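Below is one structure, written out as structure tokens; the observations come after it.
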């Protein structure tokens, strides 16, 4: 038992690790394909975008191992504090952040950039896990659902103000986790429908979306009436 506690690799979901490595490889290959050219295609050229990405991938390995050395109680104890700090960083970046590509998402420290929304994703997951780890937590109760929604939507709200809608969409993936824990599928359907309406509005305008929505609603009502009569 003691040997298992000292082994940091016990209990790791290796399928998830393998999928993570595959995603990293695919991501790096895409960056390499988009950035390289016939003149400059050396893999270990660290002045290029794909070369710098290799450095970050290499640095992530010792960081991952270092994180595994911490006892799970550490994350349970400090998850709420880390979550609050990350929210403060999101608020701060709106005031002191640097605007890049139309979004105020980065802190700039000399030549180093820091995007707090990336850390907030992990801290949001930890805060949500701590909330749901309580034995008395019941996701069927509305008050408990609201607590989970606040944890998810609070950082998403401040990220939307930057605006960085790509990162905001990632927070909707937490609803799939909640669904596995018993949250009704209705929330996911409503969320997906809302995102779809938003994208259609941008592409085709408000009038077109309203007409499509009315047609769909009318079709559903007619189908419900027909089904009820049968």
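GNM on the chain, C-alpha springs below 10 Å: top fluctuator among 148, 160, 58?
Maximum fluctuation in the GNM of the chain, among the listed residues, is at 58.
Working out 0.36 nm times the residue gap between residue 145 and residue 74, then minus their Cα-Cα distance, what length gain in nm do you get to one decimal? Could the numbers behind the result be given before it?
On the way: separation 71, 0.36 × 71 = 25.56 nm, distance 2.53 nm.
Roughly 23.0 nm would be gained on extension.
Roughly speaking, what is the stretch gain from residue 107 to residue 121, that is 0.36 nm per residue apart minus the C-alpha to C-alpha distance, in nm to one decimal? Numbers along the way, then the final one.
On the way: separation 14, 0.36 × 14 = 5.04 nm, distance 1.67 nm.
My answer for the length gained is 3.4 nm.
Per DSSP helix of 4 or more residues, -39500 (n - 2.57); summed, then divided by the residues of the chain. What does that give at 222 nm, rounded to the nearest 500? Intermediate results must be reported in sequence, preceding the final value.
Numbers: 10 runs with 165 residues, N = 230.
Counting only the DSSP helices, I get -24000 deg cm²/dmol.
Between 180, 49, 135, find the one with the highest GNM mean-square fluctuation for the chain; connect C-alpha pairs within less than 10 Å.
Result: 49 has the largest fluctuation of those listed.
Could you work out how far helix 186-204 tilts from the main Cα principal axis of the chain, as a 0 to 90 degree angle to the nearest 10?
90
Among 122, 156, 207, which one shows the biggest mean-square fluctuation in a GNM of the chain, springs joining Cα atoms closer than 10 Å?
Comparing 122, 156, 207 in the GNM, the peak value goes to 207.
May I ask you to derive the FRET efficiency for residue 29 and residue 60 from their Cβ-Cβ distance with R0 = 22 Å, giving the value to the nearest 0.05?
Numbers: r = 17 Å, r/R0 = 0.77.
Computed FRET efficiency for residue 29 and residue 60: 0.85.
Can you put 70, 175 in order, fewest other beta carbons within 10 Å first? Please report the intermediate quantities before stating the final value.
Values: 70 11, 175 19.
Ranked by crowding around the Cβ, least crowded first: 70, 175.
Please arrange 86, 60 by how many other C-beta atoms lie within 10 Å of their C-beta, fewest to most.
Working: 86 22, 60 11.
Ordered by Cβ neighbours within 10 Å, fewest first: 60, 86.
Mind pulling up the Rg/Rh value for the chain? Radius of gyration and Kirkwood radius, both on Cα.
Details: Rg = 22.5 Å, Rh = 21.7 Å.
So for the chain, dividing Rg by the Kirkwood Rh gives 1.04.
What is the Cα radius of gyration of the stretch 103-154 over 2.2 N^0.38 Å, N being its residue count? Walk me through the numbers on the way to the answer.
On the way: Rg = 15.4 Å, N = 52, 2.2 N^0.38 = 9.9 Å.
The reported ratio for this selection is 1.56.
Nearest 10 degrees, 0 to 90: what angle lies between the long axis of helix 49-68 and the longest principal axis of the chain (Cα atoms)?
90
As I understand it, the value is the acute angle between the Cα axis of helix 116-132 and the longest principal axis of the Cα atoms of the chain; what does it come to in degrees, rounded to 10?
70
Computed from the coordinates by the stated procedures, all read-outs in this text should not be read as laboratory data. Just so we're clear, the structure is a prediction, and the values are computed from it rather than from any experiment. Reconstructed Cβ throughout: ideal geometry from the backbone, glycine too, with neighbour counts over all protein chains shown.
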